Amino acid sequence: MVTVRLFGMTKMLAGNQGTLSLALHDGKRVKDLVAMIEAAYPKIGELLQKKKVLVSVNQDIAHEDLEVKAGDEIALLPPFAGGSR
Amino acid sequence: MSLEQVTKADQPVTDDEAMLVRVQREDFSIDEELRRVRRRSKRIGGIAMFLGTARDRSKGKDVDSITFEHYEGMAQKKLREIRERALKDFDVIEMLVLHRYGEIDIGENIVLIIAGAEHRAEAFRACKWAIDELKQITPIWKLEHTPEGEVWVEEHP
């Protein structure tokens with residue numbers, strides 16, 4: 001089981017949940033995680049496919065082939081908009 | 001901030017250093033932050049500052065207030081990286097990077113960058129680089145409250 005933290009519009013698209021709990025087994029990769037999210041939340045899946053939403057693992061942007069391990073800190077990051085003009 | 005706080009490299013940082021990179025809910029005093037940078041070195045001869053404030057218009061629409069959400073931990077890590085890279089890649093002596101989160105009223109402070117160098121040119125250059133980089137790599141999101149509803153801002157200018 002892995003926990004995925006949600007922020008900004010991804011949180012909204014998941015019905016205002018702050019986290020998702022997914023039954024991801026050992027040896028699975030970021031792309032498998034993306035496929036699971038896509039199945040459950042097609043709108044978030046679309047943004048992941050377009051790379052508008054990125055996956056971070058342990059606070060770094062992750063490649064789709066990165067292996068996800070139990071206890072990893074995973075998050076979905078919508079486009080950043082910090083600061084001001 | 002405590003003395004036990006550690007950076008990515010597990011090097012202890014002093015209280016003063018920890019105060020140079022912050023994500024906080026409260027407003028900040030520009031004078032106080034300027035003093036914090038100035039007292040780091042007597043060699044500073046030029047200081048450039050960027051202050052971002054909350055606008056009441058966005059893409060032609062009225063904005064009543066803004067809420068900033070951040071990824072606790074990663075946001076601080078990215079801001080520390082910006083300061084460290086600025087100190088390494090530019091001829092600056094000190095840099096402060098500060099961002100607020102939570103609900104911010106129109107006209108209030110959002111983000112502050114202060115770059116202190118021997119001379120103005122490097123201070124300006126580092127300051128501009130830091131705010132541009134902040135927008136690219138820092139996990140902070142902006143929710144605009146408008147008369148028509150709430151909008152998560154997707155693109156930074």
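The count of lysine pairs in the stretch B:15-147 whose Cα atoms are under 28 Å apart, excluding pairs fewer than 8 places apart on the same chain, comes to 22.
Spin-label model, A:Met1 to B:Ile106: label points 7 Å out along the Cα-to-beta-carbon direction sit 4.7 nm apart. Summarising the overall dimensions of the stretch A:2-77 from its C-alpha atoms, the Rg and Dmax are 11.0, 30 angstrom. When Rg and Dmax are taken over the Cα atoms of chain B, they come to 16.1, 51 Å. Each residue, B:Leu87 and B:His119, gets one label point 7 Å from its Cα in the Cβ direction; the gap between the two is 2.3 nm. Residues within the reach of a label modelled at A:Ser21 (point 7 angstrom out along Cα to beta-carbon, backbone nitrogen below 11 Å), restricted to the stretch B:52-74: there are none. Remark: mean inter-chain Cβ contacts per residue of B:135-141 equal 6, using a 10 Å Cβ-Cβ cutoff to other protein chain atoms. The alpha carbon gyration tensor of the protein assembly as shown gives principal lengths a ≥ b ≥ c with a/c of 1.5 or higher and a/b no greater than b/c, which makes the shape oblate.
Would you mind getting me the FRET efficiency between B:Lys59 and B:Asp27? Use the beta-carbon distance for r and R0 = 30 Å, nearest 0.05.
The calculated FRET efficiency here is 0.70.
Compute the Cα gyration tensor for the stretch B:38-87, then decide on rounded, prolate or oblate, letting a ≥ b ≥ c be the square roots of its eigenvalues: rounded whenever a/c is under 1.5, prolate when a/b is larger than b/c in the other cases, and oblate in all that remain. Here the stretch B:38-87 falls in the oblate category.
Taking every lysine pair in the stretch A:2-77 that is 8 or more places apart or spans two chains, those with Cα atoms closer than 16 Å amount to 9.
Readers should treat all values here as calculations from the given coordinates under stated rules, not as data from a laboratory. None of the values given here were measured: they were computed from a predicted structure. Cβ: placed from backbone, ideal geometry, glycine included. Neighbour counts: every protein chain shown.
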